1. Name the single residue, out of those in the range 96-108 being over 12 Å from GLY142 (Cα atoms) and without any contact (Cβ under 8 Å) to a residue 40 or more places away in the chain, that is surrounded by the fewest Cβ atoms within 10 Å (Cβ to Cβ).
2. Can you go through THR73, THR145 and tell me which one is in contact with a helix residue (DSSP H, G or I) (Cβ under 8 Å, 6 or more places away or on another chain) and farther than 15 Å from HIS36 by Cα?
3. Scan SER137, SER131, SER113 and give me the residue that is crowded, with 21+ Cβ neighbours inside 10 Å, among the polar types (S, T, N, Q), out of contact with any Asp or Glu (no Cβ under 7 Å at 6 or more places or on another chain) and closer than 27 Å to LYS59 by Cβ.
4. Can TYR82 be described as part of a helix (DSSP H, G or I) and buried (at least 18 other Cβ atoms within 10 Å of the Cβ)?
5. Just a yes or no: is a residue in the range 87-97 in a loop (DSSP other than H, G, I, E, B), in contact with a Ser or Thr (Cβ under 9 Å, 6 or more places away or on another chain) and modelled with pLDDT of 90 or more?
6. In this structure, is ILE104 under 16 Å from the mean Cα position of the chain (by Cα), more than 21 Å from LEU41 (Cα to Cα) and β-branched (Val, Ile, Thr)?
7. Please determine, by comparing only the residues of the range 19-76 that are without any contact (Cβ under 8 Å) to a residue 24 or more places away in the chain and open to solvent by less than 20 Å² (accessible area, probe 1.4 Å), which one is nearest to LEU119 (Cα to Cα).
8. With (1) modelled with pLDDT of 95 or more; (2) open to solvent by 60 Å² or more (accessible area, probe 1.4 Å); (3) part of a loop (DSSP other than H, G, I, E, B) as the list, and GLU152 as the residue in question, which single condition is left unmet?
Amino acid sequence: SVNDAADGAGGLEHLSSTQISLAAGVGPRAVSVISHEFFHLWNVKRIRSRVLGPFDYTKLPDTGALWWLEGVTDYFAHQLLYRYGWWGQDMLQKDILDNLNSIINNPAYREVSPNEASLRVAEMSNGRGNSGGWRISYYPYGWLTGMVLDIEMHARTGGKHTLDDVLLGLWEQNKDDQ
């Protein structure tokens, strides 16, 4: 579906498809959502926690991995936009700052881990959950955690390994699972 906004989008991945609503103008925010949903082809749809499939639609998933499934997906989606020239360094730096500010401006980051923000999401909205997490959003929390893991792996291995290698390893373990 398309709305009248100048930029933006929203998406929801399904087992074998994705629904994306787009603004009439396709700018950086819309491209970001498209990249995020595209990366879900691997991270969530093929590389996923057992609790996410087969899915029980009568209850919220009981997993502490939403920070990885959504936040790290966002990190990789934005890295791909940068690596392949859709985003310049200015957009990547803005993305880092936006994610960092989202976390440090929420005092819960001193008390709630990414795992707990994911695991306890069912406690939000009178037991209906939300797409943001328990007390703090697992999207920017996972984005930043992914970035820090990537930097640390790069630093400890002298640039020989990065978080890309973790995703490739998970893909090798899971690519034949349906």
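1. ASN105
2. Numbers: THR73 fails: farther than 15 Å from HIS36 by Cα.
Just one listed residue meets the conditions, THR145.
3. Values: SER131 fails: crowded, with 21+ Cβ neighbours inside 10 Å; SER113 fails: crowded, with 21+ Cβ neighbours inside 10 Å.
On inspection, the qualifying residue turns out to be SER137.
4. Working: part of a helix (DSSP H, G or I): yes; buried (at least 18 other Cβ atoms within 10 Å of the Cβ): no.
Considered against the rule, which asks whether it is part of a helix (DSSP H, G or I) and buried (at least 18 other Cβ atoms within 10 Å of the Cβ), TYR82 comes out as no.
5. So in the range 87-97, the residues in a loop (DSSP other than H, G, I, E, B) come out as 87-88.
Narrowing further to those that are in contact with a Ser or Thr (Cβ under 9 Å, 6 or more places away or on another chain): 87.
From what is left, the residues that are modelled with pLDDT of 90 or more are 87.
For the range 87-97, residues in a loop (DSSP other than H, G, I, E, B), in contact with a Ser or Thr (Cβ under 9 Å, 6 or more places away or on another chain) and modelled with pLDDT of 90 or more: present.
6. Details: under 16 Å from the mean Cα position of the chain (by Cα): no; more than 21 Å from LEU41 (Cα to Cα): yes; β-branched (Val, Ile, Thr): yes.
No; evaluated as a whole, the condition is false for this residue.
7. ALA30
8. With (1) modelled with pLDDT of 95 or more; (2) open to solvent by 60 Å² or more (accessible area, probe 1.4 Å); (3) part of a loop (DSSP other than H, G, I, E, B) applied to GLU152, the lone miss is (3).
The values are calculated or read from the model by the stated rules, or taken from the named source; none is laboratory data. Predicted model, so just to flag it, every value in this text is computed and none were measured. As a convention, Cβ positions derive from the backbone with ideal geometry for all residues, glycine included, and neighbour counts pool all protein chains shown. Heads up: the accessible areas ignore ligands, DNA and RNA and are worked out on the full protein's heavy atoms, side chains in. Shrake-Rupley method; radii C 1.70, N 1.55, O 1.52, S 1.80 Å.
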